[in-house]
Amino acid sequence: MTASSEDSSIADVLRDIDLENYLIPDGILVAKTLLRLPQEVQFRVRSEVRFITMTSFTGLTISLKSSRQWIILLNFDRMKQDHLSEKGIATCIAHEIAHFILGHTTGTSETERDADDLCEKWGFGREYDDYKKFQDPKKNATR
Ligand SMILES: [Zn+2]
């Protein structure tokens, strides 16, 4: 498989905005949009802005390599829509913290299982009962 120059520009943008490990369709849309903007706008956005998408996850943990900090995004509206109990919400939060402690920067079946294992060890529940839906995000992106 050979990457086109457009693909490598997209990869560069995703890396700059700390989304390269979450090659989700929304991230690629952000990168494609950004590449159409004036150079000076691209430069400012790529160095100063981080994009956050919260439509399809209840929680997401992101490592910002540039600042060595992490961001945990929690979608409480989605948790309420899913009728999660207080216990379920606590599990979601602990699960995301587990990703941080384990240093996970991708959401694969393996990292999700490991996060749930740690979450359970801490006395919370498991977020997932099926890990098959998690694939290597890079495989999805190059589809
Ligand atoms: Zn997870």
How about the stretch 77-112: which of its residues are surrounded by fewer than 14 Cβ atoms within 10 Å (Cβ to Cβ) and over 22 Å from LYS65 (Cβ atoms)? ASP77, LYS80, GLN81, ASP82, HIS83, SER85, GLU86, LYS87
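Can you name every residue in the stretch 114-137 that is assigned to a helix (DSSP H, G or I) and exposed (fewer than 14 other Cβ atoms within 10 Å of the Cβ)?
ASP117, LYS121
Readers should treat all values here as calculations from the given coordinates under stated rules, not as data from a laboratory. Since we're looking at a predicted model, the values are computed, not measured. No Cβ is skipped: glycine too gets one built from the backbone with ideal geometry, and neighbour counts run over all protein chains shown.
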